[in-house]
Amino acid sequence: MTKIIRIHLEHKDDVIRDISISSEKTIEDLHFEIIDALKLDKNEMASFYMTNDEFELLQEIPLFKIDNKENSMLGMNEITVGAVFPEVNSQLLYVYDFLKMWRFSITFIEESDNETTENSCIKSIGEMPKEAPEIQFEAKKEFDPFDTAFEDFDEFNEYEY
């Protein structure tokens, strides 16, 4: 099976690439295809991240295997494209160059019965900007019982004593 994977840069201008890749290839192969399609430097580090429906990061898939006492992560060369994209609309987050933090959403958009041995960029929209977009990390604001929002509120103001 061949999967069509859409790469979309998180940026104000659309930068999109659709890549055709065999489900038997590794996500390391996908990583190098992304690098080629977007004309990025092959010497930078990158990771894929598994996410939930709200796009919260769940698990990192680094370029190289990490194996230590506290943490063990499979590398990109140990996981197939078919394993991380089991169904249409499955998504990953791809972070390239940890200093500049280029972020891409990666979505499995279509499956084809045509088996191909060659990966290829089949659609290209937009050009990569020269500078990485600034990413705003926002935490959800939790309820603070000591917040000053109700400081001037007195529910008994209008009643006489």
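The values are calculated or read from the model by the stated rules, or taken from the named source; none is laboratory data. Predicted model, so just to flag it, every value in this text is computed and none were measured. When we count neighbours, we look across all protein chains shown, and the Cβ atoms used for this are built from the backbone with ideal geometry, even at glycine.
Number of residues in the stretch 99-128 that are in contact with a strand residue (DSSP E or B) (Cβ under 8 Å, 6 or more places away or on another chain), at pLDDT 85 or above and not aliphatic (A, V, I, L, M): the value is 13.
Here's the yes/no breakdown for (1) buried (at least 16 other Cβ atoms within 10 Å of the Cβ); (2) touching a Pro at 6+ places or on another chain (Cβ under 7 Å); (3) closer than 17 Å to E10 by Cα; (4) touching a residue at least 12 places away in the same chain (Cβ under 8 Å):
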position	(1), (2), (3), (4)
I27	yes, no, no, yes
K42	no, no, no, no
M45	no, no, no, yes
G82	yes, no, no, yes
P86	no, no, no, no
D113	no, no, no, yes
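Scanning the stretch 1-14 for residues that are within 14 Å of the chain's Cα centre (by Cα) and in a loop (DSSP other than H, G, I, E, B) yields E10, H11.
Considering the stretch 4-18, the residues that are basic (K, R) and out of contact with any helix residue (DSSP H, G or I) (no Cβ under 6 Å at 6 or more places or on another chain) include one that is surrounded by the fewest Cβ atoms within 10 Å (Cβ to Cβ), namely K12.
Total residues in the stretch 101-125 satisfying the condition of being among the basic types (K, R) and more than 15 Å from the chain's Cα centre (by Cα): the figure is 1.
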